[in-house]
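Participant: Next up is a structure, given as structure tokens.
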Amino acid sequence: MPVQLVLIGLPQSGKTTVFNALTGLQAATGTFSGAEDEPNLATVKVPDPRLDELTRLFRPRRTVPAEIQYWDVAGLAKGIHERGLGGRLLGILQQASALVHVVRAFHDPAVPHPEGSVDPLRDIATIDMELLFTDLAMVDKRLQRIRSMIPKLRGPEREAHEREGAVLERLHRALSEGKPIRAIELEPDEEKLLRGFGFLTQKPLLILLNLGEERLAQAEELLAAASQHVSGPGVAVEALPGKLEMELAQLAPEEAAAFMQELGIDEPARNRVIRTSYRLLGLISFFTVGPDEVRAWTIKRGATAVEAAGAIHSDLAQGFIRAEVVHYEDLVRVGGLTEARKAGLLRLEGRNYVVQDGDIVHILFNV
């Protein structure tokens, strides 16, 4: 399953414009009115110059980049937690790998802000509170159920519910104090216990300032202010001029390159957003290469060789014997796998080898 990034934000924040900028699509803007609207969805190829170089070296029949999915859902109006998020909307948010909060930082008299003025820090705090209250309601509901069940239970089942209740009580205290779950230190067994809830403030959060062209000169200042405001674990801040980047994303490659050169832009902001998202989620890429296919795979930083094998196919993990590994930079420097083997750069690694970003991996297995 690809990485799923869900764009959220207040109405009139330019979410769909940013969605188009990140995906190159032309979804209609300004159409969402409530939580039941159909979300926009796009799967995007992850740009990686290393994959391009490996394709040049191996000339495979096909090249397969890694992919991420962007979801653009209805705006989250202030106070939405009071009536509850729609079932489908809440489900999409709970399944997200990370939430991308699109924050309005542009002025447009034709698109009035729901609060009457443009204030990115205020809007960040507003959505933070909506997510927090949504989690608090989920914790409350589950705690009430656990408290009603515990007197009827005995033995291991009662102990399991008591452990869950103790963790949820801790979350309840933190959320009541305005502290997101991602800022709470949890033991591995506690994280496992909470996995099924899909708490929104436990998810990594990317704050994405949607700048107007009139505020491009203030980008660094706005980024610094937002970064200070939301500092904490599992949070990152980026900025892009959504309308400008949407226009850029919809140009042919040659026209886009000329446009960027004219504006002094080194690369599309969507590439930077993807890199930031990977860092935020703790993701890395490894590669498989050959005459048939060169492919990029996405795994968590710290994943072992057998886990990387499982990302390719479950049979490879089950029958894992060894992994042949060479790093991308070493392979490119010597010019190919044969040269890497002669230079002693192609290593045999066991199942517990921690795969590094840029490793080229060939799994030896037996089923």
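Participant: Got at least one residue in the stretch 39-61 being open to solvent by less than 30 Å² (accessible area, probe 1.4 Å) and modelled with pLDDT under 95?
Facilitator: Yes.
Participant: Sticking with this one: Could you please find all residues in the stretch 260-297 being at pLDDT below 95, farther than 22 Å from residue 53 by Cβ and of a type in the set (A, V, I, L, M)?
Facilitator: The answer is 263, 265, 269.
Participant: Okay, moving on. With the structure loaded, tell me whether residue 185 is out of contact with any strand residue (DSSP E or B) (no Cβ under 7 Å at 6 or more places or on another chain), surrounded by fewer than 20 Cβ atoms within 10 Å (Cβ to Cβ) and assigned to a helix (DSSP H, G or I) or whether it fails that test.
Facilitator: No.
Participant: With respect to residue 216, determine if the residue is of a type in the set (A, V, I, L, M) and more than 26 Å from residue 89 (Cα to Cα).
Facilitator: Yes: the conditions hold for residue 216.
Participant: Can you name the residue in the stretch 240-265 that is without any contact (Cβ under 8 Å) to a residue 24 or more places away in the chain, part of a loop (DSSP other than H, G, I, E, B) and under 26 Å from the mean Cα position of the chain (by Cα) and is also nearest to residue 22 (Cα to Cα) among such residues?
Facilitator: Across the stretch 240-265, the extreme among qualifying residues is 251.
Participant: In the stretch 194-213, which residues are under 14 Å from residue 138 (Cβ atoms) and open to solvent by 30 Å² or more (accessible area, probe 1.4 Å)?
Facilitator: 195, 196, 197, 202
Participant: Here is a follow-up. Return the residues of the stretch 298-308 that are open to solvent by less than 30 Å² (accessible area, probe 1.4 Å), in a helix (DSSP H, G or I) and either at pLDDT below 95 or within 15 Å of residue 284 (Cβ to Cβ) (or both); say none if nothing qualifies.
Facilitator: 305, 308
Participant: Related question: Among the residues that make up the stretch 84-94, is at least one of them modelled with pLDDT under 90 and surrounded by 18 or more Cβ atoms within 10 Å (Cβ to Cβ)?
Facilitator: Yes: the stretch 84-94 contains one or more residues that are modelled with pLDDT under 90 and surrounded by 18 or more Cβ atoms within 10 Å (Cβ to Cβ).
Participant: Go through 100, 111, 64 for me and flag whichever is under 20 Å from residue 205 (Cα atoms) and out of contact with any His (no Cβ under 7 Å at 6 or more places or on another chain).
Facilitator: On inspection, the qualifying residue turns out to be 100.
Participant: Within the group 165, 178, which residue is closer than 25 Å to residue 149 by Cα and of a type outside the set (A, V, I, L, M, F, W, C)?
Facilitator: Among 165, 178, only 165 is closer than 25 Å to residue 149 by Cα and of a type outside the set (A, V, I, L, M, F, W, C).
Participant: Could you grab the pairs with beta carbons closer than 8 Å, sequence gap of 6+ or different chains, first residue in the stretch 224-236 and open to solvent by 70 Å² or more (accessible area, probe 1.4 Å), second one assigned to a helix (DSSP H, G or I)?
Facilitator: 229/121; 229/124; 229/125; 233/182; 233/183
Participant: If you take the residues of the stretch 336-354 that are of a type outside the set (D, E, K, R), assigned to a helix (DSSP H, G or I) and free of Cβ contacts under 8 Å to residues at least 24 places away in the same chain, which of them is most open to solvent (accessible area, probe 1.4 Å)?
Facilitator: The selected residue is 338.
Participant: Sticking with this one: Could you list, in sequence order, the residues of the stretch 147-182 that are part of a loop (DSSP other than H, G, I, E, B), modelled with pLDDT of 90 or more and surrounded by 14 or more Cβ atoms within 10 Å (Cβ to Cβ)?
Facilitator: Once the filter is applied, which keeps residues that are part of a loop (DSSP other than H, G, I, E, B), modelled with pLDDT of 90 or more and surrounded by 14 or more Cβ atoms within 10 Å (Cβ to Cβ), the stretch 147-182 yields 179, 180.
Participant: What are the residues in the stretch 319-335 that are among the hydrophobic types (A, V, I, L, M, F, W, C) and more than 21 Å from residue 306 (Cβ to Cβ), if any?
Facilitator: The answer is 331, 332, 334.
Participant: How many residues does the stretch 72-81 hold that are in contact (Cβ under 8 Å) with a residue 60 or more places away in the chain, in contact with a helix residue (DSSP H, G or I) (Cβ under 6 Å, 6 or more places away or on another chain) and open to solvent by 20 Å² or more (accessible area, probe 1.4 Å)?
Facilitator: Matching residues across the stretch 72-81 total 1.
Participant: Here is a list: 333, 295, 322. Which entry is open to solvent by 40 Å² or more (accessible area, probe 1.4 Å), out of contact with any helix residue (DSSP H, G or I) (no Cβ under 7 Å at 6 or more places or on another chain) and part of a helix (DSSP H, G or I)?
Facilitator: Testing whether each residue is open to solvent by 40 Å² or more (accessible area, probe 1.4 Å), out of contact with any helix residue (DSSP H, G or I) (no Cβ under 7 Å at 6 or more places or on another chain) and part of a helix (DSSP H, G or I) leaves just 333.
Participant: Just checking, which of 12, 26 is on the phi > 0 side of the Ramachandran plot and in contact (Cβ under 8 Å) with a residue 12 or more places away in the chain?
Facilitator: 12
The values are calculated or read from the model by the stated rules, or taken from the named source; none is laboratory data. Because the structure is a prediction, the values reported are computed rather than measured. Because the Cβ atoms are built from the backbone with ideal geometry, glycine has one as well, and the counts that use them run over all protein chains shown. Calculation scope for accessible area: heavy atoms of the full protein, side chains included, ligands and nucleic acids excluded. Shrake-Rupley method; radii C 1.70, N 1.55, O 1.52, S 1.80 Å.
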